[in-house]
Amino acid sequence: MILAAVLFDQLLGEPRRFHPLAGFGWLAQRVEKVFYGSADAPPAMLYMRGIAAVCVLLLPLAALAALLQQLAIFGALFSIVVLYFAIAPRSLGEHAGRVAHAFSAGDLPDARRQVSLMVSRDTSQLDESGVARATVESVLENGNDAIFAALFWFALAGAPGVVLYRLSNTLDAMWGYRNARYNYFGWAAARLDDVLNFIPARLTALSYALLGHTRSALHCWRQQAAAWESPNAGPVMAAGAGALRIQLGGAAIYHGELEQRPLLGCGMAAGAADIARAVQLVRHTLYAWLSVIALGALLLSGWQHA
């Protein structure tokens, strides 16, 4: 089923219209309007409302996925389609490729526009190095969020596992901000995503390290990851930057505010040529994961028949 879902992604790409995650985002906005209430509510009340909103959104959909997964042949097809919608390796490569193409055409304004579709930071004033850095960071982080963590939870818990993970990741992207509106209400979404991503992120970081410059990647992971704000993005991006032997991080503008982020990696600052290298690292990691999953399935099947 995993191989079939990845093959569908390679053949069809990400749906441009009526994507289930877009529909879920619309539903989450409606639930937020109902549950958020007054911004003047006490923090404890906002915490509880946020927890209730997460439960209302995630538990019924995960339970429905668990039910549909049990339905004979339809269950297998349903599981394949769910995983196909949850992963986006082709789309990730295409988005990064558009930035690289703009660079090759000498069109920095277009490169800024293209990377703005991948990141939440302000890209309007980025120079070439800033655009390349933002693109590589997005490729490495989304390699975990939009590919490997989904594969991990599907392998571990099937369709309900990947539904729970991918929807919690979407809620974190919508509500997981430490600002006046979401600091309390978005706490449950952010912490759930942290928990569900803890093991996949470290497996992704280890994969990047093994498939790149291993010693540099492990050193950067060990020395730099803890300084990053996100407990899961830190290992992924530090190991990825070390594996590529480039520098990421540094200053970035989010929602009009300048953030001084720690530097990650080693060597020279990321450049336009490093975009293709980052995409290749994610692609090689995907091939490695598929090989391990296929080998594990064969070994398990042989053991069961022995």
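Nothing in this text is a laboratory measurement; each read-out follows from the coordinates by a stated rule. None of these values were measured; they are calculated from a predicted model. Using ideal geometry, Cβ is built from the backbone for each residue, glycine included, and neighbour counts are taken over all protein chains shown.
Go ahead and estimate [θ] at 222 nm for the chain from helices alone: -39,500 (n - 2.57) per DSSP H run with n ≥ 4, summed, over the residue count, rounded to 500. Kindly include the intermediate steps, with their values, before the conclusion.
Numbers: 12 runs with 219 residues, N = 306.
Helix-only estimate at 222 nm: -24500 deg cm²/dmol.
Under 1.5 on a/c is rounded, so check that first for the stretch 156-223, then, if it is not, pick prolate when a/b is larger than b/c and oblate when it is not; a ≥ b ≥ c are the square roots of the alpha carbon gyration tensor eigenvalues. It is oblate, given that a/c is not under 1.5 and a/b is not larger than b/c. Among PRO200, PRO60, PRO231, the residue with the largest mean-square fluctuation in a Gaussian network model of the chain, with springs joining Cα atoms closer than 10 Å, is PRO60. Close amide H partners of ALA269, meaning residues 5 or more places away or on another chain with modelled amide H under 5 Å apart, are GLN247.
Based only on other Cβ atoms within 10 Å, what is the fewest-to-most ordering of VAL236, VAL54, VAL81? If you can, show how the numbers build up before the last one.
Details: VAL236 32, VAL54 27, VAL81 16.
By the 10 Å Cβ count, ascending: VAL81, VAL54, VAL236.
Shown for ASP110, ASP274, ASP172: other C-beta atoms within 10 Å of each C-beta, ranked fewest to most, produce the order ASP110, ASP172, ASP274.
In what sequence do CYS220, CYS266 fall when counting other Cβ within 10 Å, fewest first? Don't jump to the answer; show the numbers that get you there.
Details: CYS220 28, CYS266 19.
Lowest count first: CYS266, CYS220.
Once you order the gyration tensor axes a ≥ b ≥ c over the Cα atoms, which shape class does the stretch 1-65 get: rounded for a/c under 1.5, otherwise prolate or oblate by comparing a/b with b/c? Please report the intermediate quantities before stating the final value.
On the way: a/c = 3.77, a/b = 2.45, b/c = 1.54.
Prolate is the answer for the stretch 1-65, as a/c is 1.5 or above and a/b outweighs b/c.
From the square roots a ≥ b ≥ c of the eigenvalues of the alpha-carbon gyration tensor of the stretch 2-305, which class results: rounded (a/c under 1.5), prolate (a/b over b/c), or oblate? Here the stretch 2-305 falls in the oblate category.
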